Amino acid sequence: MSYPLGIRNNNPGNLEVGGPVFQGQVGSEGKFLKFIDPVHGLRAIIMRLRAYQANDGCMNLHDMIYRWAPPEDNNPTAEYLTNVANATGLSPDPLAPSVDLTDPTICANLMTAITQQENGVQPYSAMTIQRAVSMVVLPPAQTGV
């Protein structure tokens, strides 16, 4: 089986060249980034979404997806949003509350849903997704001994 470019490049979010250099980024193929392994490519999905929140004010799923996959590049963006909302359980409403990108379950669900939407396949194991989540969500500090 031949996987789509995003999977072959360890870039399941199909992130494009431009913007910050991500941890684990090792170049590009055409306009798309390449990562050293899938874990770093999955991590980059959440890091990009966090940048959308911090820099662009895209706080809810609707705004994030319309920034991630704008209508001029991805027709129809509304279908993309519906698919990701259905897969994650997050609201697609433009007035929905902010998405908590410090929640490990939300991060894992977004990684999985965006990978599926971008590539038509989600080949990563739960362990691979969890490794990526652990790179972006720090566990709570332990107190005591």
Based on C-alpha coordinates, I'd like the Rg and Dmax of the chain, in Å. 14.9, 54
Relative contact order (percent) for the chain, with alpha-carbon contacts under 8 angstrom and 6 or more residues of separation? 23 percent
Report, in whole Å, the centroid distance computed from the Cα atoms of the range 20-47 and the range 50-78. 19 Å
Modelled label-to-label distance, Ser2 and Leu95, 7 Å Cα→beta-carbon offset: nm? 4.9 nm
In range of the label at Thr102: residues from the range 65-85 whose backbone nitrogen is under 14 Å from the point 7 Å along Cα→Cβ: none
For the chain, size of Cβ-based charge dipole, Lys and Arg +1, Asp and Glu -1, in debye: 440 debye
CD proxy, 222 nm, the chain: helix-only mean residue ellipticity via -39,500 (n - 2.57) per DSSP H run with n ≥ 4, per residue, nearest 500, stands at -15000 deg cm²/dmol
How far apart, in nm, are the 7 Å Cα→Cβ label points at Ser28 and Gln116? 3.0 nm
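We did not get these values from a lab; they are worked out from the coordinates using the rules stated. A quick note: this is a predicted structure, and the numbers were derived from the prediction, not measured. Virtual Cβ from ideal backbone geometry, glycine too; neighbours counted across all protein chains shown.
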